[in-house]
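The values are calculated or read from the model by the stated rules, or taken from the named source; none is laboratory data. Computed from a predicted structure; not experimentally measured. Glycine also receives a Cβ, built like all others from the backbone with ideal geometry; neighbour counts cover every protein chain displayed.
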Amino acid sequence: EWLGDQHIQTDYELLMQDLQRNDPDLAARTRLIDPLIAHYHLRLGDESTALSAFQRIVNDQNGRDTADFLFLPVSDASASDPDHRGTHWSLLLVDRRNREGPAAYHYDSFRGQNDEFAAMLAQRLGTRLEPVRMTQQRNGYDCGVFVVDGTRALVRRLARRDRPAVLHLDNLVADREQLQRRLSPAPNSARAGAAAAEPESSTQIADPAEFWHGVAQPGQLPDSWNTATFRQDLPSAAYSPVQSVNPPDAPWEQSLGASIFGTPQYTLPVDDLGGFVPPSWQHGNQPVPDDLLPAMYLF
């Protein structure tokens with residue numbers, strides 16, 4: 001029932017594919033950041049490691065800083081205790097449209113459990129934290145669902161160019177069934193073949209770099225968020241910051257969904273961003289802001 005870093009990263013990759021297809025301008029300005037990199041490199045890494053990771057995130061293939069919005073999953077995993085891999089996810093959204101005064105918004109679905117860690121990460125990124133409202137979860141395992149659904153809700157609002165005042169998520173409804181459909185492949189669909197490589201379980205390997213090799217997706221635009229850019233020159237961590245699932249047998253997407261929800265009946269997947277683009281829009285001309293990071297609480 002718990003979502004691990006692998007589940008969040010997989011859903012982020014699906015969201016980025018939708019963004020690149022429906023709004024390439026917004027996609028080029030948005031970064032959906034791998035939970036492992038947000039945790040180990042940006043929050044826990046030394047100054048040089050964090051700076052190198054940050055530059056790889058915000059710069060495109062031409063070395064230009066094009067990142068206006070950063071979505072970072074926040075984990076409460078211990079920096080020193082390998083046995084404490086983390087029990088809660090939250091979301092940090094960084095809005096960098098004003099490079100001189102970027103703002104950060106922390107979305108925590110469990111009574112501010114990750115406020116301290118989010119503040120540390122925001123400070124590391126040179127941003128100021130702004131207050132924001134977030135729906136509270138009613139169980140001990142949906143924080144990860146709130147993170148991915150909160151990210152999608154914010155992206156839709158940014159695509160509509162909503163004012164920052166409406167970036168609160170106090171009416172967010174986390175939908176586990178919808179997430180199940182996204183993570184479960186459909187026969188003869190493009191989504192079923194979205195990932196060519198089977199990812200490894202991050203909690204079963206000593207070197208997360210191997211996990212990044214597994215989740216790297218072929219065909220991504222060079223300036224989109226791609227964990228493959230972190231394969232070189234960055235230190236590796238000894239353990240994952242979150243609880244995850246055992247390596248799937250096959251196919252990996254189906255096993256990934258089943259690991260959270262059980263074996264489902266096949267349901268035709270919906271268009272995740274169906275309400276994302278109004279009919280009057282000209283595709284490819286819409287930019288988007290970046291301000292969120294939900295989390296999950298695990299007992």
**Q.** Which numbered condition Phe69 misses (of (1) of a type outside the set (Val, Ile, Thr); (2) over 13 Å from Val147 (Cα atoms); (3) touching a Phe, Trp or Tyr at 6+ places or on another chain (Cβ under 9 Å))
**A.** (3)
Q | For Glu130: the one exception among (1) touching a residue at least 60 places away in the same chain (Cβ under 8 Å); (2) in contact with a strand residue (DSSP E or B) (Cβ under 6 Å, 6 or more places away or on another chain) | A | (1)
Q: Could you please find all residues in region 31-77 being farther than 15 Å from Arg124 by Cα, among the charged types (D, E, K, R) and touching a residue at least 40 places away in the same chain (Cβ under 8 Å)?
A: Arg31, Asp34, Arg56, Asp60, Asp68, Asp76
(Q) Regarding region 138-154, can at least one residue be identified that is surrounded by fewer than 15 Cβ atoms within 10 Å (Cβ to Cβ) and over 18 Å from the mean Cα position of the chain (by Cα)? (A) yes
Q.
Against the conditions (1) surrounded by 13 or more Cβ atoms within 10 Å (Cβ to Cβ); (2) at pLDDT 60 or above, where does Glu177 fall short? Just the number, please.
A. (1)
Q. Taking into account only those residues within region 94-112 that are touching a residue at least 60 places away in the same chain (Cβ under 8 Å) and over 17 Å from Asp170 (Cβ atoms), which is surrounded by the fewest Cβ atoms within 10 Å (Cβ to Cβ)?
A. Arg97
Q | Given (1) farther than 27 Å from Glu177 by Cα; (2) modelled with pLDDT of 95 or more; (3) surrounded by 24 or more Cβ atoms within 10 Å (Cβ to Cβ), index of the condition Leu91 fails | A | (1)
